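Novice: This structure is in structure tokens; I'll ask about it shortly.
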Amino acid sequence: MAQRTEVFLTDDLDGTNIPAGKGGTLTFALDGKTYEIDLTAKNSNALRKTLTPYIEAGRQVRTSKGARIKRTAVGADPRTIKEWARANGYEVNDRGRIPSEIREAFEAAN
């Protein structure tokens, strides 16, 4: 039996659904606290635009432990990738994981 888990993101500012590839989770820190926010591409661009003067004037700080921050990404639906792959001459199974080279080709094309 196969099991599939899907993650759907909703913009934390305006409550709209975030389609695959049209936004995601942003991580930022202020006053020693780290925050995550899910935003559409439009709202994430607005946040980046607002923060640009502060980022350019500041300096990047690395954690002493070199800790990595996990980011949530919204990817395309596997069914969509498989349909695209077949339409573009790739051989792909109906079930199972999508080979990384096919996923990379899909992402490069879209």
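Novice: When the residues of the stretch 32-59 are filtered to those that are open to solvent by 40 Å² or more (accessible area, probe 1.4 Å) and in a strand (DSSP E or B), which remaining residue is nearest to Asp12 (Cα to Cα)?
Specialist: Checking each candidate, the answer is Glu36.
Novice: Considering only the stretch 1-31, state which residues are under 28 Å from Gly96 (Cα atoms), open to solvent by 80 Å² or more (accessible area, probe 1.4 Å) and either modelled with pLDDT of 95 or more or not in a loop (DSSP other than H, G, I, E, B) (or both).
Specialist: Asn17
Novice: Please identify the pairs in which a residue from the stretch 78-104 that is in contact (Cβ under 8 Å) with a residue 40 or more places away in the chain and under 19 Å from Ala2 (Cα atoms) has its Cβ atom under 8 Å from the Cβ atom of a residue that is outside any loop (DSSP other than H, G, I, E, B) and not basic (Lys, Arg), counting only partners at least 6 apart or on another chain.
Specialist: Filtered contacts from the stretch 78-104: no entries.
The values are calculated or read from the model by the stated rules, or taken from the named source; none is laboratory data. Everything numeric in this text was worked out from a predicted model, so none of it was measured. Positions of Cβ are backbone-derived with ideal geometry, glycine not excepted, and every protein chain shown enters the neighbour counts. Accessible surface areas use protein heavy atoms only, side chains included; no ligands, DNA or RNA. Shrake-Rupley method; radii C 1.70, N 1.55, O 1.52, S 1.80 Å.
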